[in-house]
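Every number here is computed from the coordinates shown, using simple stated rules; none is lab data. These numbers come from a predicted model, not from an experiment. Here the Cβ positions follow ideal geometry from the backbone for every residue, glycine too, while neighbour counts run over all protein chains shown.
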Amino acid sequence: MKKKTKRMMAVAIGLVFMLGLVACGNDGESSDNSEDKTIRVGSKDFTENLIVAELYSLALEDAGYDVERVFNIAGSVIHTSITNDEIDLYPEYTGTGLLSILKMDLLTDPEEVYNTVKEEYDTQFNLTWLDYAQANDGQGLVIRTDVSKELGITTITDLQKHASELRFASQGEFDQRADGIPALEETYGELNWKSSKVYDNGLKYEVLKNNEADVTPAYTTEGQLVNTDEFTLLEDDKQVWPPYNLAPVVRNNVLEANPEIADIINEISATLDTKTITELNAKVDVDKQEYEEVAKEYYESIQ
């Protein structure tokens, strides 16, 4: 009797132990599902990227995801952040992927650049580029509008012909950078400025506005460019610069676990062109609104 009782007790203990393991397994499975619904959205540390990352975040939250915002990451390390599994997705630029990350040769066709980075990121980093937006935050040159009208300058070809009459407000590195003055002069010819001085990037529009210079390097979606009465963005008519189309980069494993994320974010990208992004940037950088408010207002407008 004693042996039978001991055997029954052993079986009972074993059953309890097994049930405990099943319960633990179920808890772990529940936890994993919860983690799958939490998406870590990253952003670089400038206005446009913050706005777009917030748009992604709002759309994901609307679709039922928990979002952890990991914003204001330096552009020099954000690629490492996603490959090190510190974030799940962030807004990137096709030209940056091509030149800065992949170190590949210059391409100027937007579709070719996109297809190249999409293939290489998938192969090298297990990352997916979702659809790219028409918004192009590329390199450009800005001239005072009154000077543009006076001298008939609307393209960089026009600019080169009149360079000796113009004061250039440089940001220093632009004079030496491969995609700066050297690239311009190789394509358009030598730029013999009337004068060239180095100014802080944050002051360049004030410098033009105060008639201290006539031309300055810029990015094509900077908020100040909404003021076309004062500033004119010149056409890169010989396509020196690659396109920097805005597109989300996502970890493959996150996309495999949550394939609907692609449609959610692609719907946002489809609404973003250069004019729209420039206007959103202007609300923050010129009108001094908070980027969260600007993103929310825009997101609600496209629903």
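Results, tabulated for the structure shown:
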item	result
Relative exposure of Ser164, Ser170, judged by other C-beta atoms within 10 Å (fewest first)	Ser164, Ser170
Of every Cα-Cα pair in segment 62-174, the percent that sits beyond 18 Å	65
Kirkwood hydrodynamic radius of segment 139-233, Cα pairs, Å	13.1
Cα-based Rg of segment 195-303 normalised by 2.2 N^0.38 Å, two decimals	1.36
Computed FRET value (nearest 0.05) for Phe125 with Asp237, which takes r as the C-beta separation and R₀ as 45 Å	0.80
Packing-based exposure ordering (other Cβ within 10 Å, fewest first) of Lys204, Lys194	Lys194, Lys204
Highest to lowest packing among 222-235, 239-252, scored as the average C-beta count within 10 Å	239-252, 222-235
Proxy reagent accessibility, fewest Cβ within 10 Å first, across Asp131, Asp146, Asp236	Asp146, Asp131, Asp236
Kirkwood hydrodynamic radius of the chain, from inverse mean 1/r over distinct Cα pairs, in Å	21.9
Kirkwood Rh and Cα Rg combined as Rg/Rh, segment 137-180	0.97
Helix axis angle, 291-301 relative to the chain longest principal axis, alpha carbon, degrees	80
The chain: relative contact order as a whole-number percent, Cα under 8 Å and 6+ apart	26
Extension gain (nm, one decimal) between Thr271 and Asp175, 0.36 nm per residue minus Cα-Cα	31.1 nm
Difference of contour (0.36 nm per residue) and Cα-Cα distance, Lys149 to Glu206	18.6 nm
